[in-house]
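The values are calculated or read from the model by the stated rules, or taken from the named source; none is laboratory data. In this text the structure is predicted, and so the values were computed from the model without any measurement. All Cβ positions, glycine included, derive from the backbone under ideal geometry; neighbour counts span all protein chains shown.
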Amino acid sequence: MEKGIYLVLGGTRSGKSIFAEKLVKKFSLPVIYLATAVVTDEEMKNRVKIHKARRDVTWTTYEEPYDIPVLLNSLQGKESVLLLDCLSVYISNLLWKVNEEYKLENYKYILGEIEKLIACLVNFRMNAVIVSSETGLGIIPSSKSGRFYRDLLGEANQMVAKAAQEVYLVVSGVPIGLKSLSNLTTSNLK
């Protein structure tokens, strides 16, 4: 696998995390697993339990729900591949951190944090597989908070996709390649 950022998108229970876990193994490098979840209830506890049970015992796990760029700064220079699972939960955490106020300045703040995350990965030349939910394919959320989150996540996913070497959409356990730099020409990069 070539060095770079790989984005894996999908819906709930689409198989995106399982595909991302297989993808990191192709690097033949030590894996750093970055978990973003905050356990707030029994349902989340069970989801985390499933992910932990699947993790390779040789992987180094970090749990960072609020400040991924600080953690990435501490990891720079390590020859490894990062599996970040997941960006959509990280954005939820950042929304919670700003008291779930759906204001333009919070929208900009959170996208700024995503820019910092991407800059760390690019500047440190880190290999990374980033998992994120694709929420823009469903019905329009009825609440202001749901629409705010959907739009914010959609923009964040676009930012990561732009920086990514490859982008996949996982549907019903089947990964579909959306972007590969090796298949792009300068005419369709614009």
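Please pick out the residue among 161, 156, 128 that is of a type outside the set (Phe, Trp, Tyr), surrounded by fewer than 19 Cβ atoms within 10 Å (Cβ to Cβ) and either free of Cβ contacts under 8 Å to residues at least 24 places away in the same chain or not in a loop (DSSP other than H, G, I, E, B) (or both). Within the list 161, 156, 128, the selection yields 161. Restricting attention to segment 57-69 and to residues that are surrounded by 12 or more Cβ atoms within 10 Å (Cβ to Cβ) and over 15 Å from the mean Cα position of the chain (by Cα), the residue that is nearest to residue 89 (Cα to Cα) turns out to be 61. Here the condition is being without any contact (Cβ under 8 Å) to a residue 40 or more places away in the chain, of a type outside the set (Gly, Ala, Ser) and in contact with a helix residue (DSSP H, G or I) (Cβ under 9 Å, 6 or more places away or on another chain); of 48, 39, it holds for 39 alone. Determine whether segment 50-68 contains at least one residue that is modelled with pLDDT of 95 or more and part of a helix (DSSP H, G or I). Scanning segment 50-68, I find at least one residue that is modelled with pLDDT of 95 or more and part of a helix (DSSP H, G or I), so the answer is yes. Cβ-Cβ distances below 8 Å connect the following pairs, each with a first residue in segment 92-104 that is under 20 Å from residue 133 (Cα atoms) and small (Gly, Ala, Ser), a second residue that is at pLDDT 90 or above and surrounded by 14 or more Cβ atoms within 10 Å (Cβ to Cβ), and a separation of six or more residues or different chains: 92/149. Residue count for segment 1-16, restricted to those that are in a helix (DSSP H, G or I) and surrounded by fewer than 22 Cβ atoms within 10 Å (Cβ to Cβ): 0.
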